[in-house]
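Below is one structure, written out as structure tokens, with a few remarks after it.
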Amino acid sequence: MTDATAMLTTNDGQPLKAALARSQRRARRNALLLVAPLFLFVLITFVIPIGQMLSQSVYNNNFSVAAPNLGAWFDDHPQGSEIDETAFAALVADLQYMKEEKLSGSAGTRINYDISGSRSLFTGSARKVDDLTPPYAISVPALDEKWTDPNLWRAMRSASSPLTGDFYLAALDLTRDEAGVIVQVEPRQRVYKMLFGRTLMLSALITGICLVLAFPIAHLLATLPLAKSNLLMILVLLPFWTSLLVRTTSWIVLLQQQGVVNSLLVSLGIIGDDGRIQMIYNQMGTIIAMTHILLPFMVLPLYSVMRPIPPSYVRAARSLGASSWTAFRRIYLPQTVPGMAAGALLVFILSVGYYITPALVGGADGQLISNLIAFHMQKSLNWSLAAALAGLLLFGVLVLYWLYDKLVGIDNLKLG
Amino acid sequence: MTATETDDGFVEFDHVQKSYDGETLVVKDLNLSIGKGEFLTMLGPSGSGKTTCLMMLAGFETATNGAIRLDGQNINEVPPHKRGIGMVFQNYALFPHMSVGENLSFPLEVRGFGKSEREAKVRRALDMVQMGDFAFRRPAQLSGGQQQRIALARALVFDPKLVLMDEPLGALDKQLREHMQFEIKRLHENLGLTVVYVTHDQGEALTMSDRVAVFNDGRIQQLAPPEDLYERPDNSFVAQFIGENNKLPGTVEELSADKALVKLDTGELIDCTPVNVADRGQRTLVSIRPERVEFKPEMMPPGAHTIQAEVLEVIYMGDIFRTRMLVAGSDEFVMKSRNTLGQTKLVPGQHIQIGWHPQDARALDPL
């Protein structure tokens, strides 16, 4: 008999806790070793790139390293100071430095994000910097009139500190005016907020359509005898085994104005030959193709939730006096909520970041925010803005997760 | 046992047939009349059609032919939720997303009862099964026996005309099962319920029922009170299905109204009660319950035919001895004798004379 208050020991006198830890050490080490490859993989391919991206969105030192003298001048002279001879002298010194270090291109690109045409201004001026003579307040504007633009000086001031929130402002269609106050950009240039809104709206719509289409399929899958449901399951999974590009281009074949669907409608006399419907290269194309591609992600979680619901629940409800609709609504539907929520979350998050399908079939008004991120990554090379847009998207998804956890509970998530 | 005598069929199956595939009949010409307040059990092996009958009564399956009447009204076309039948399912089917109280309240809600009335009825039903403190628990937090009680209370809370139970005790362990049998029986008697109970457990059927319908091959083989079923089986299937049973094949030698002399295949003659044999010379299977076999001459009726037996094995089972013997060429003949003070101990290899009362040996159809 052991005294309950004394520390428990093994029968040869060692503390029980130490003995337990030793006896499990081997198993624990093996478990860690097994997890290690995946942990490293996730760290290298997921955590580090996303960290890089997020830092890129608030940190850009292309201008600040190329213009140390201007940086010092901005530190000494607060916003609104007159752009005097000392400022132009610092500018000329920095242009000199850029010429020597071949930094005028990257510095100009950074300012170009805010003021278009700045890149050529920087590269051109740096090339001719040796011709400049004091007083620089006269000679520099003589070289190029743009150097007197207060907006340019404001942009240089904000770019001279590498840490900046300007990219997030830009991603939300905001900018700073000459006095440094945050204002909306001109209505003509407001694209991002509208695109975020469209992305969320289309994603919600696609999620809704997927839910409506997937629910009966999943129910059928869950209630059919196994042999038949396996066949149906293969049909549901078939899209997974086909290339995304093939599926998307086959929608082009079907939906384009001279395509299968339109020709069928014309030959049936439902529409005239001149009334062919534009079903692709617009929002409709994006919605149809993405719904098709994302449907399995809704079917599978729903199926996995429905399969274990025994038919006796609905039977019990019927025998207790509920009509078939009441039994469905009060008994069956509530039990599928974890599957619906998991499927909706999955489809929504996937479609918020979807890129290739809208790019192929979206036309102009079917583009989503991810297409603009790709544009800034590949065409305009404004990686910081792309990172800021992606950061906002990531933040939105995290908010969604949080909401899901509050409403349904993350431990209720059933993905398959 | 007054209920069994009522002629007015509260529930009536009238020439009911059921086929799922149009090729084979699962239920073949079922005729059954259940009286009000009766506890009727449908007993049979799996695939015998008993559950199908219950599902047709509940309305989850439609009868292919024939009529099912409840309280004189044909219910073939009445959907399940309008039949007013309470049902207890094998896996309880308690709604997992609702508390116990909500589960019980559900049938009252869909019937449009007011809140206070619902609460009163739920409380009464929970008290009835001694689960009054559990209204706010979830079904998953209850043990199997507690879930069973809740399922029972839910089936009764809306005062149904008829209660169906589909193997409700199948998932419980033996002790709990016996306790619940008693509980269900008590509720049946206190509330005057009409119960149709499906099981494949003959012990359950014998202890609880007013009458038992033994199903096999889509037909009722015998419909009788438990006592009759056990002691006076109508045919070989029933004799074999209910309880343990010794079978001796033979031919009818002499036949009168209440007595038959059967010549066994090995030549011995035994006295029997004829049940479904009609003629001399007919093949028959004689059925004798192991506990009715005697080996002491003073326990046998005078003039009874005895038969030679060789003891093969004696198993001590506590309250009884189970003796396996070689009788008339069959080495599976079993005799059960009570473990009383001074009981004669048999040993393997011993030769004895065994006999029985002619009433206990029943000449049935050859299987």
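Just so you know, all these numbers are worked out from the coordinates, no wet-lab data involved. Since we're looking at a predicted model, the values are computed, not measured. All Cβ positions, glycine included, derive from the backbone under ideal geometry; neighbour counts span all protein chains shown.
Results, tabulated for the structure shown:
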| item | result |
| --- | --- |
| Distant alpha-carbon pairs in the stretch A:1-58 (separation over 13 angstrom), percent | 74 |
| For the stretch B:1-97: rounded, prolate or oblate by the Cα gyration tensor [a/c cutoff 1.5] | rounded |
| Sites matching trypsin sites (Lys or Arg not before Pro) across the stretch A:127-189 that sit in DSSP coil, with at most 14 neighbouring C-beta atoms within 10 Å | A:K128 |
| Residue order, fewest to most beta carbons within 10 Å, for B:V110, B:V88, A:V35 | A:V35, B:V110, B:V88 |
| When each of B:K36/B:K174; B:K36/B:K247; B:K50/B:K185; B:K28/B:K336; B:K18/B:K247 is checked by Cα-Cα distance, pairs over 27 Å | B:K36/B:K174; B:K36/B:K247; B:K28/B:K336; B:K18/B:K247 |
| Helix axis angle, A:226-237 relative to chain A longest principal axis, alpha carbon, degrees | 10 |
| Projected label distance in nm at A:L238 and B:R138, using a 7 Å step from Cα toward the beta-carbon | 4.0 |
| Which of B:M128, A:M194, B:M87 has the fewest Cβ neighbours within 10 Å, and the rest in rising order | A:M194, B:M128, B:M87 |
| ³J(HN,Hα) computed for each position of the stretch B:108-122 - Karplus, 6.51 cos²θ - 1.76 cosθ + 1.60, integer Hz, glycine/proline x | 6, 4, 5, 8, x, 6, x, 4, 5, 5, 4, 4, 5, 5, 4 |
| With at most 11 neighbouring Cβ atoms within 10 Å, loop chymotrypsin sites (Phe, Trp or Tyr not before Pro) (DSSP) excluded, longest segment of chain B | B:137-367 |
| Residues B:D159 and B:R186, FRET efficiency given R0 of 22 Å [Cβ-Cβ distance, rounded to 0.05] | 0.80 |
| Relative contact order (percent, whole number), chain A, Cα cutoff 8 Å, 6+ residue spacing | 17 |
| Longest site-free stretch - chain A; sites: GluC sites (Glu not before Pro), DSSP loop, at most 12 other Cβ within 10 Å | A:179-416 |
| Assigned charges on the beta-carbon of Lys, Arg, Asp, Glu; the protein assembly as shown dipole about Cα centre (debye) | 1020 |
| Cβ-based exposure ranking for A:V399, B:V163, A:V236, in which fewest neighbours within 10 Å come first | A:V399, A:V236, B:V163 |
| Counting all C-alpha pairs of chain B, share separated by more than 34 Å (%) | 41 |
| Extended-chain gain in nm, criterion 0.36 nm per residue less alpha-carbon gap, A:F46 and A:S23 | 4.8 nm |
| Quotient of Cα Rg and 2.2 N^0.38 Å for the stretch B:229-346, N being how many residues it contains | 1.09 |
| Per residue, the convex hull volume that the Cα atoms of the protein assembly as shown enclose (Å³) | 335 |
| Förster radius 25 Å - calculated FRET efficiency between B:E291 and B:H351, Cβ distance, rounded to 0.05 | 0.70 |
| For the stretch B:208-294: Kirkwood Rh in Å [reciprocal of mean 1/r, alpha carbons] | 13.8 |
| Amide hydrogen neighbours beyond the local backbone of B:V212, cut-off 5 Å, H modeled | B:T41, B:A224 |
| Mean separation of Cα contacts under 8 Å (6+ apart) over length of the stretch B:212-304, as relative contact order % | 22 |
| Two-site label geometry, A:A31 and A:L254: point separation in nm, points 7 Å out along Cα→Cβ | 4.7 |
| Per-residue HN-Hα couplings for the stretch A:136-145 [Karplus 6.51, -1.76, 1.60; θ = phi - 60°; Hz; x = Gly/Pro] | 5, 4, 9, 6, 5, x, 5, 5, 8, 4 |
| Sparse-neighbourhood loop sites, trypsin sites (Lys or Arg not before Pro) in the stretch B:275-367 - DSSP loop, at most 11 other Cβ within 10 angstrom | B:K345 |
| Anisotropy class of the stretch A:192-412 from Cα gyration tensor, a/c 1.5 cut | oblate |
| For q = 0.07, 0.10, 0.13, 0.15 Å⁻¹, Debye-computed log10 I/I(0) when each Cα of chain A counts as one equal scatterer | -0.59, -0.91, -1.15, -1.32 |
| Length-normalised contact order of the stretch B:158-283 in % [C-alpha pairs under 8 Å, at least 6 apart] | 15 |
| B:M87 long-range amide H proximity, modeled H, under 5 Å | B:L164 |
| Candidate lysines - alpha carbon under 22 Å from A:K146, same-chain residues fewer than 8 apart omitted | A:K99, A:K102, A:K128 |
| For the stretch B:54-155, average projected area of the Cα convex hull in nm² | 7.3 |
| Rounded tilt (10° steps) of A:383-407 against the dominant C-alpha axis of chain A | 30 |
| Shape call, the stretch A:62-164: gyration tensor on alpha carbons, a/c limit 1.5 | rounded |
| Length released on extending from A:I277 to A:T86, taking residue separation times 0.36 nm less the Cα-Cα span | 62.3 nm |
